[in-house]
Amino acid sequence: MPRPGPSRDRHALYEASVQCPEADVQFFDRIYREWNGELPRLLREDFCGTAAIAAAWVRKRPDNQAIGIDLDGPTLAWGRRVHIEPLGEAARRLQIHQADVRSVKRPLADITAALNFSYMVFHERVTLREYFRTSRAALAPRGVLILDIFGGWEAQALTTETRRKPGFTYAWEQAGFDPISGLTRFHIHFRFRDRSEMKRAFTYDWRLWTIPEVRELLAEAGFKKTVVYWEGTDLKTRGGNGIFRRTSRAKSCPGWVAYIVAGA
Ligand SMILES: C[S@@+](CC[C@H](N)C(=O)[O-])C[C@H]1O[C@@H](n2cnc3c(N)ncnc32)[C@H](O)[C@@H]1O
């Protein structure tokens, strides 16, 4: 009997390739506890897409609440169907807004997360700072903003990185990088066993921001403190070990991913 193939749904393929909401929400708890000595309650997921993280948040504890914000109606509708409706009663604790992240100022969140580098959609200092200002204004007094960031010299190379997943291959192509503007273009493609391909399932036009630039803009937007969480090294593979710790100096390496946490 032929085995069922993987879903050809681009959102399902994206989530299976680049998201791990359970690990994200565990990380948020750890960070907030480290900063404030207690657990957070209200999570705001900016650029939430399918709101997979917001849904995992309300599933995690019965008093957790979340809001998710994204511009894209069809993506939000997919998330409603796949992640939010199955929550049943708990769905009442999750609000979704189809809006620009810079326009939503309430409710005040304990944690705002903007993951998978989505804030890089803002290309100028002035627009990124405006986003950080709104983000701070929409945080509770002890709230934290959590961002991820990537870099290293490979982040400027026009290459395609592939990763095998059950039933398909995820391909992350850097199609352009302009050293003068810092603007860069990425495509996500999915390839299947029968050699068919979903080309350019997602495209991102981002500015490749650096850690010091982002920290300076956070400070200019009024955040009191920023901390970098840098990934440790796996002694066997010499690659990242998935454990992120507060770090103030790091060694140069070809490619890295880190978190920046900013306290309101
Ligand atoms: C890279 S995806 C991130 C999806 C998901 N949050 C994740 O972590 O994988 C970027 C998302 O940001 C949304 N987006 C882009 N600009 C936005 C803006 N100004 N306000 C709200 N959402 C925006 C897009 O519609 C898209 O769903």
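The values are calculated or read from the model by the stated rules, or taken from the named source; none is laboratory data. This is a predicted model, so every value here is computed, not measured. Note that we place each Cβ from the backbone using ideal geometry, even for glycine, and neighbour counts take in every protein chain shown. Quick note on the areas: whole protein, heavy atoms, side chains included, nothing else; ligands and nucleic acids left out. Shrake-Rupley method; radii C 1.70, N 1.55, O 1.52, S 1.80 Å.
What relative contact order, as a whole-number percentage, does the chain give when Cα pairs under 8 Å and 6 or more residues apart are counted?
On the way: 504 pairs, mean separation 40.9, N = 264.
For the chain, the relative contact order is 15 percent.
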Report, as a whole number in µm² per second, the diffusion coefficient that Stokes-Einstein gives for the stretch 49-126 at 10 °C and 1.306 mPa s using the Kirkwood radius over alpha carbon pairs. 120 µm²/s
Once fully extended, how much extra length lies between D100 and N36, figured as 0.36 nm per residue of separation less the alpha-carbon to alpha-carbon distance? 20.2 nm
To make sure I understand the rule: partners must be aspartates and glutamates, Cα under 13 Å from the Cα of K251, and not fewer than 8 residues away in the same chain. Which ones qualify? E231
Calc'd 3J(HN,Hα), the stretch 146-160, phi into Karplus 6.51 cos²θ - 1.76 cosθ + 1.60 (θ = phi - 60°), Hz, glycine/Pro = x, comes to 10, 10, 10, 8, 10, x, x, 5, 5, 6, 10, 8, 7, 10, 10
Amide H partners (placed H, <5 Å) of A140, local residues excluded: A109, D110
Kindly report the accessible area of the stretch 157-207 per residue (heavy atoms of protein chains, probe 1.4 Å, no ligands, DNA or RNA), in Å². 61 Å²
From the phi angles alone, apply the Karplus equation (6.51, -1.76, 1.60; θ = phi - 60°) to the stretch 173-180 and give each ³J(HN,Hα) in whole Hz, x where the residue is Gly or Pro. 9, 8, 8, x, 8, 10, x, 7
Would you give the gap between the C-alpha center of the stretch 20-39 and the C-alpha center of the stretch 58-83, rounded to a whole Å? 18 Å
Highest first, please rank the peptides 54-60, 96-102 by the mean number of other Cβ atoms sitting within 10 Å of their residues. 54-60, 96-102
Over what distance in Å are the Cα centres of the stretch 108-173 and the stretch 228-264 separated? 15 Å
Apply the Debye scattering formula to the chain, with a single equal point scatterer on each alpha-carbon and no solvent, then give log10 I(q)/I(0) at q = 0.17 Å⁻¹. -1.55
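Once the piece of chain linking R81 and K251 is laid out straight, how much longer is it, given 0.36 nm per residue of separation minus the C-alpha distance between them? List each step's numbers first, then the result.
Values: separation 170, 0.36 × 170 = 61.20 nm, distance 4.39 nm.
That pair, R81 and K251, stretches by 56.8 nm at full extension.
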